[in-house]
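Data block below; observations after.
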Amino acid sequence: MNFQVTVQPSGRQFEVERDETMLAAAIRQGIGLPYGCKDGACGSCKSKLLDGRVIHGAHQAKALSEAEEAAGMVLTCCATPQTDCVLEARTVPGAGEFPVLKLPSRVISIERAAPDVVVLRLQLPANQNFQFRAGQYVEFILRDGARRSYSMANAPHLLGTPPAVELHLRHMPGGKFTDHVFGAMKEKDILRMEGPFGSFFLREDSDKPIVLLASGTGFAPIKAIIEQLQHIGSTRPVTLYWGCRSKADLYLHDWAQQAAAEMPNLSYVPVLSDPKPEDGWSGRTGFVHQAVMSDLPDLSGHQVYACGAPIMVESAQRDFAARCGLPPDEFYADAFTSEADKQAR
């Protein structure tokens, strides 16, 4: 038995099959709902259930607390309707614009950019027109059916010929996928992937100044957004804050400096939380989101795009709204939730 979900205030409607989550059905039918991890860990898909009844699958309390659930909030990524439902959620123009494709990809190169980071380049089939928005991600489908998500680090216009995507992977010791990438993977290996996914991408209809906030390999989709801004000739003021532990972790520091040199409206502020003595670091130190608040105590007229460790994203979202006046709906985030994070629910 199928159920119908109506999204307010847009009035869009879609069908949800038995035992299917709201978000899976929305993605399948090209309905642009906000979301991130698709796995009950990040809270990006949190919406209000105005009418109807759902059952929630496993999720983390930080994504949806018992109090929020009692108040009628749902996570569409793990909410299965039991009746027809009315949902209050912002629709995201462009989130469902391009078809989600399953396709093979061939490893072109594996470049060690830092001791625990590789830049992976994957060739895509030329006969499948893979389209995405800068900031979105793909999922690798492993042999046992498990999935791992990584953001594309190049903008769509830089896919090249033949088309290829760039991904930034940090080694998670004991990780099923990254152990393989850093150990046995070699050029010309074939990987299965599916995408594009995610509602983390540039809102081009705004003229507000932009803060780009990254930690670690959360820099990947931020890099794609910078390339997109340059491609469209945007004149919006943009400040990139990239937080890492030590200088070696700023694995594309030269790229970021070069981008800032080429784009008059782009400023780059690297921030190290634990610089090593041998780094000879004279730049900013501490927590990267606090550097933003120090420089921009009034964020009421800004947009923020944040990507990286969940603790950084959560701290920035909370503090920017509470202390800097950032409108909550101008904070766009993609928290890099690892498999270990997901198992902690």
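Data overview
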read-out: Residue in region 130-148 that is over 22 Å from the mean Cα position of the chain (by Cα) and touching a residue at least 12 places away in the same chain (Cβ under 8 Å) present; value: no
read-out: Residue check for Gln60: assigned by TED's automatic domain parsing to the domain that holds Val16, within 30 Å of Cys244 (Cβ to Cβ) and polar (S, T, N, Q); value: yes
read-out: Selection count where residues are in a strand (DSSP E or B) and either loosely packed, with under 15 Cβ neighbours inside 10 Å or free of Cβ contacts under 8 Å to residues at least 40 places away in the same chain (or both), scope region 108-128; value: 3
read-out: Exclusive hit being in the same structural domain as Lys276 (by TED's automatic domain parsing), of a type outside the set (A, V, I, L, M, F, W, C) and crowded, with 23+ Cβ neighbours inside 10 Å, set Ser246, Ser215; value: Ser215
read-out: Ile55 over 24 Å from Pro310 (Cβ atoms) and under 20 Å from the mean Cα position of the chain (by Cα); value: no
read-out: Failed condition for Thr161, given (1) closer than 30 Å to Arg245 by Cα; (2) not in a strand (DSSP E or B); value: (1)
read-out: The lone exception for Gln131 - which of (1) outside any loop (DSSP other than H, G, I, E, B); (2) touching a Pro at 6+ places or on another chain (Cβ under 8 Å) it fails; value: (1)
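The values are calculated or read from the model by the stated rules, or taken from the named source; none is laboratory data. Model, not experiment: these values are computed from the prediction. A quick note on method: Cβ atoms are made from the backbone with ideal geometry, for glycine too, and the neighbour counts reach across all protein chains shown.
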